[in-house]
Amino acid sequence: MPVKLTNKDRKFRLLFQENPQPMWVFDPGTRRFLEVNAAASRLYGYTADEFRGLTLSDLQSREDAGRFLAQRNDPAGAVPTAWRHRTKSGQQIEVEIAVYGIDYGGREAQLAVLMDITGRRHLEDQLRQAQKMESVGLLAGGVAHDFNNLLTIITGYGQLILNSLGPKDPNRHSAEQILKAGERAAALTRQLLAFSRRQALQPRVLDLNMLVASLSTMLRRLIGEDIDLRLVLPSDLGRVSADPGQIEQVVMNLAVNARDAMPKGGVLILETANVQLDEQYAAAHVAVKPGPYVRLAVSDTGTGMDEATRARLFEPFFTTKGAGHGTGLGLSTVFGIVKQGGGNVEVYSEPGRGTSVKVYLPRIDQPAAIEAGDLKSQAVRGSETILVAEDDEMVRSLVRETLERDGYRVLVASDPIQARRIADSHQGPIHLLITDVIMPNVSGRELAEHLLARRPGLKVLYMSGYTDNAVLASGILQTEVAFLQKPFTPAALNEKVREVLEPNGLSRHAM
Ligand SMILES: Nc1ncnc2c1ncn2[C@@H]1O[C@H](COP(=O)(O)OP(=O)(O)OP(=O)(O)O)[C@@H](O)[C@H]1O
Ligand SMILES: [Mg+2]
């Protein structure tokens, strides 16, 4: 029915139509829209005509179904309430709505004034999340630091006891178990330190494409045959300044998570790109500075995550994998490493739709000479023969894969006895022995001494979960030995091996 407009009505229309704040007038009985302004059309994507065919419930998202807008006749102004709505394109928005009773051309109607608070809510959520991570990080870092000192004492004295026991002593096994547990605890504390961003970093100019490509053989083995690994590495990728060992750890943690999410197989895509994060992006993301970045996206076609998991996945020890399967430190380590490097991590995931983790690292501009001089994967290949003695199967295969990737000839043994046998029967030279410090029956040092007596030129690299200081303090190793602390990354292993094989080669990365 046409409404006869009075002068007052015209004024109202002007205030209404041109108002930058979205507004509607609706019928309180039928909840149909009688009139909407231009700002409301822009916000929801419906034309004024389309709006007139809708009721309030058509906008409400499922979570808010059954709630009703209540008019508050408070003379000081209506108290706005928050609502979740859907736009025409299906996007969820959050609005605050204040409702006032008005006279609309002689009939009773309600005027709703809206405020789009989607962006604000988003920022509030992120801020809460950032504060939570900050305080958990402080706590974890503090605990890890004190814990490390205690572990040094536990493993140091444990080693002293072990050293004092004869080879047949029934207490040997107990002492070895103490040291093994100490080793695992030390690995955990190191991950916590990574999360709390308290690590010593050795940043270099890095080409992420090169790093991903050189990891790909190992990644393929890691994820198994049922998962198809695809690399998308554009040639014009910018450089980043980062610790290669740490970035390898980021890639591996993300790949392992993707693998775990695809027990029946699927596709894993590693993709790099140059991106420019603008002011608008920075404004919508807490603690992100606008500027040039390199983005590494790790995407899988796996199970995906629900909202409850997404909200907590960076927390240390948050895991949905059963006991003994996950420690829940993978993503917190990724988070710590990337944040410490001035970057940012984003996770997109829906249940059943797979997951995409995007890591942003600040892009740096470096002259070509420096880039070429610093392509580490070219610099650290070798062809020597290396004997690896390690009783932990995972560590053993990691060491083997890495060394083979880098061109070495690798012999592996799962215990010292086997290592001796291999060394005795091997015809050619063995340039390096890489051995775990603690192994069943014979210690790494005893193994090394045995082999050195037969092959005097042999170099030795020890690995252990203890820190260098704990191992030195325990007296098991002399100060002059080469030592690699577990858990290590392929890059760290690689570098250490070159260092031991070529003590005078100095840094090949130096320009
Ligand atoms: N790609 C993914 N797809 C589905 N869920 C994932 C993915 N990545 C992580 N998650 C979820 O996030 C949780 C935390 O991951 P995180 O890597 O921190 O720990 P974890 O994998 O459980 O254990 P850990 O990495 O220490 O072995 C996982 O338990 C899993 O529920
Ligand atoms: Mg993980």
Query - Length-normalised contact order of the range 204-368 in % [C-alpha pairs under 8 Å, at least 6 apart] - result: 24
Query raised in the report: Looking at THR55, HIS145, ILE422, which one has the Cα that reaches farthest to the positive end of the dipole of the chain (charges on Cβ: Lys, Arg +1; Asp, Glu -1)?
Result: THR55
Query raised in the report: By how many degrees, between 0 and 90 and to the nearest 10, does the Cα long axis of helix 444-454 differ from the longest principal axis of the chain?
Result: 40
Query raised in the report: Given H placed 1.01 Å from N in the peptide plane, which residues other than close sequence neighbours of ILE102 have an amide H under 5 Å from its amide H?
Result: ALA109, GLN110, LEU111
Query raised in the report: Hey, if you drop one equal point scatterer on each alpha-carbon of the chain and run the Debye formula without solvent, what base-10 log of I(q)/I(0) do you get at q = 0.12 Å⁻¹?
Result: -1.14
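Would you mind calculating the relative contact order of the chain from Cα pairs under 8 angstrom and at least 6 residues apart, reporting the percent as a whole number? Could you put the intermediate results ahead of the total?
Numbers: 870 pairs, mean separation 55.7, N = 511.
With pairs under 8 Å counted, the relative contact order is 11 percent.
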Requested in this report: Could I have the simple spin-label model distance between SER135 and ASN149, label points 7 Å from Cα toward Cβ, reported in nm to one decimal?
Outcome: 2.5
Requested in this report: Among PHE195, THR320, GLN159, pick out the residue whose Cα is farthest towards the positive end of the charge dipole of the chain, where Lys and Arg carry +1 and Asp and Glu carry -1 on C-beta, about the Cα centre.
Outcome: THR320
Requested in this report: Report the charge-dipole magnitude of the range 204-368 in Debye, nearest 20, computed about the Cα centre from +1 at each Lys and Arg Cβ and -1 at each Asp and Glu Cβ.
Outcome: 220
Report task. Evaluate the distance, in nm, between pseudo-label points positioned 7 Å from the Cα of SER397 and of VAL256 along their respective Cα→Cβ axes. Result -> 1.2
Report summary line: Given pairs LYS88/LYS358; LYS180/LYS486; LYS132/LYS321; LYS339/LYS486; LYS289/LYS339 and cut-off 19 Å on Cα-Cα distance, the over-length ones are LYS88/LYS358; LYS132/LYS321; LYS339/LYS486
Query raised in the report: What FRET efficiency, computed as 1/(1 + (r/R0)^6) with R0 = 45 Å and r the Cβ-Cβ distance, is obtained for LYS289 and ASN504, rounded to the nearest 0.05?
Result: 0.60
**Report entry** Degrees between helix 172-195 axis and first principal axis of the chain (Cα, 0 to 90, nearest 10)
**Finding:** 40
Report task. For the chain, give the share of DSSP beta bridges that are antiparallel, in percent and rounded to the nearest 5; count only bridges with both residues there. Result -> 70
Query raised in the report: What FRET efficiency would be calculated for the residue pair ARG381, GLU449, taking the C-beta separation as r and a Förster radius of 30 Å, to the nearest 0.05?
Result: 0.50
Report task. Once you have a ≥ b ≥ c as the square roots of the Cα gyration tensor eigenvalues for the range 121-195, tell me rounded if a/c is under 1.5, and otherwise prolate or oblate according to whether a/b is larger than b/c. Result -> prolate
Report task. Note the full-extension length gain between GLN177 and THR47 as 0.36 nm times their separation in residues minus their Cα-Cα distance, in nm to one decimal. Result -> 39.6 nm
**Report entry** Those residues of the range 345-368 whose amide nitrogen sits under 20 Å from the label point placed on ASP228, 7 Å along Cα→Cβ
**Finding:** 352-357
Report task. Quick one: which residues, 5+ away or cross-chain, put their amide H under 5 Å from the amide H of ASP306? H built at 1.01 Å from N. Result -> none
**Report entry** Förster-model FRET efficiency, 30 Å R0, VAL347 and GLN202, C-beta, rounded to 0.05
**Finding:** 0.65
Query raised in the report: Angle between the Cα long axis of helix 208-223 and the longest principal axis of the chain, 0 to 90 degrees, nearest 10?
Result: 80
**Report entry** Potential extension, LYS8-ASP278 segment - 0.36 nm per residue separation minus Cα distance
**Finding:** 92.6 nm
Query raised in the report: At a 1.4 Å probe, what is the % contribution of carbon and sulfur to the accessible area of the chain?
Result: 53
Query raised in the report: Add -39500 (n - 2.57) for each DSSP H run of 4 or more in the chain, then divide by its residues: what number comes out at 222 nm, to the nearest 500 deg cm²/dmol?
Result: -13500 deg cm²/dmol
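The values are calculated or read from the model by the stated rules, or taken from the named source; none is laboratory data. For clarity, every value in this text was computed on a predicted model and none was experimentally measured. Note that each Cβ is placed from the backbone with ideal geometry, even for glycine, and that neighbours are counted across all protein chains shown. Quick note on the areas: whole protein, heavy atoms, side chains included, nothing else; ligands and nucleic acids left out. Shrake-Rupley method; radii C 1.70, N 1.55, O 1.52, S 1.80 Å.
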